[in-house]
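A short reminder: the numbers here are calculations on the coordinates, not readings from a lab. Here the structure is a predicted model, which means the values were calculated and not measured. Note that each Cβ is placed from the backbone with ideal geometry, even for glycine, and that neighbours are counted across all protein chains shown.
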Amino acid sequence: MPEEAIVDAPIEEAIEPVEGAEPVEGAEPIEGTETAGGEALSGAPLWKSIKDSFQGKDPKTVAQVRKAIYDSTEVSKRHPEGLKGIDAVLESVKRLSADSETPDAVPIEQVIEDTLSERQFYRDFDHKIEAGDPDVVSHIAETFPAAFPALVQAAFNKFWEVNPDGYSTLVAKAVEGYFAERDLPLQFKLLDRIIPQQSDDPSVQQLIEGYKAIKGAFGEIFAMARKPIVSPEAKKPEATQTQPNQEDAAMELRDRQWNDAIAPTSRNLMISETQKVIGNGKLLPGEDKRIETAMREEINARVSINSAYQRDLKAYLKSNNQKSWVMRVNSEHKKIIQGAAKRIVGDVLAARKGRPAAVAEKPAVTARPAVEGAIKYERIAGAPQTQGLKVDLARTPQHMLVKRQAYIVGRKNPVQWGQK
């Protein structure tokens, strides 16, 4: 393998297909393609420019320099924000350390592991509370024995506020148990045999009426103790019903604003990558627009099948993390544009001479029938990812993805989804 290839060895990234493309930034045509992008050298070009000066040097030193160039290039690719951004992330992670005074005392890996473990514990705890798991009460009683009595009293007071009937049932059960221990039901049965139902003597009749009242009150307590405790339906505040819509609207607004802010970055990259392909040549009128349109379609198609990308952008929008959103979008667009520039520009230049568009660089690509109508498409219910399928990117050209068509790994015929 040539030294240049070793220095600029690519790092493969797994891409899982899903539906839902993010909007592509900007819509202005490419202009001024005659001017080179003026980017700093890195990777293989940098090594080519300096390797002659290392002739006769110590091989270990040369290897270290090549490795340094490679590492620097990879850091720039994976972390466009540079070492400052990485340091900022590590500092943020250190804030999670339980030892706030000396956060460096615990390794970063341990801090992350402890945080994830603690988060999982409280998530499980929340699920148990939501399910009414009695283990929650046992856990609190065993872990916080001193605080448990005060919590129970507060819980009973709150229960009386939210569910008076249920609270009365609990109290009645306790009273019934107390009376049962003192054989009160048996005493009532014995008194029923002795006390007459009615008497002509006013004093005796008054005793009979008083006994009936006492017995009736105890009967109500016993009946109340046997009533099931039914939780009242929780009242949903009106504000929570509109909150999801407000949150979605806020995310859409951020998406538009952030896209507008980074549009020049993607556009400038399209210009510089186009210039690299055409070299000293020039584009004819209208070709710059066709190149830009094709590149934007390529971006839309590729991000639509990248589940990790879609998930990250949604999380950044929801948390209002513009910095991470911008870095993720720029990194993904750079990768797509650099990979598609040579093919797209080549197609446009080939069209000048009336030649058919250039075939994709990979010779292993399966040839498609000359007449598109002859291809038998299998219609599926949704995007491949939602159906448990994986797009074969080696056989699927950009124009098929734009039409919601794709070849699937392990299948001969392509599939199609979405509206007809």
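Taking the Kirkwood radius as the inverse of the mean 1/r across Cα pairs, report the Rg/Rh of the range 372-416.
With Rg and the Kirkwood Rh in hand, the quotient comes to 0.91.
Please give the FRET efficiency for D201 paired with E161, using the beta carbon to beta carbon distance and R0 = 56 Å, rounded to the nearest 0.05.
It comes out at approximately 0.70.
Hey, what's the Kirkwood Rh for the range 116-238 if you take every pair of different alpha carbons, in angstrom?
18.7
With a Förster radius of 60 Å, plug the Cβ-Cβ distance of I194 and A150 into 1/(1 + (r/R0)^6) and report the FRET value to the nearest 0.05.
In this case the efficiency is close to 0.80.
Over 24 Å between C-alpha atoms is what I'm after, so list which of K342/K403; K48/K84; K282/K403; K276/K335; K60/K334 land there.
Correct reply: K48/K84; K282/K403; K60/K334.
Under a 5 Å amide H to amide H cut-off, with H placed in plane at 1.01 Å, what residues pair with A406 once short-range neighbours are removed?
V415
Classify the range 63-131 as rounded, prolate or oblate, taking a ≥ b ≥ c as the square roots of the eigenvalues of its Cα gyration tensor: rounded when a/c is under 1.5, otherwise prolate if a/b is larger than b/c and oblate if not.
Prolate.
What are the equivalent ellipsoid semi-axes of the range 164-225, built from the alpha-carbon gyration tensor (square roots of five times its eigenvalues), in whole angstrom, biggest first?
Semi-axes from the Cα gyration tensor: 28, 14, 7 Å.
Could you run the Karplus curve 6.51 cos²θ - 1.76 cosθ + 1.60 with θ = phi - 60° over the range 288-296 and give me ³J(HN,Hα) per residue in whole Hz, x for Gly and Pro?
These are the phi-based 3J(HN,Hα) values: 4, 5, 5, 5, 5, 4, 5, 5, 5 Hz.
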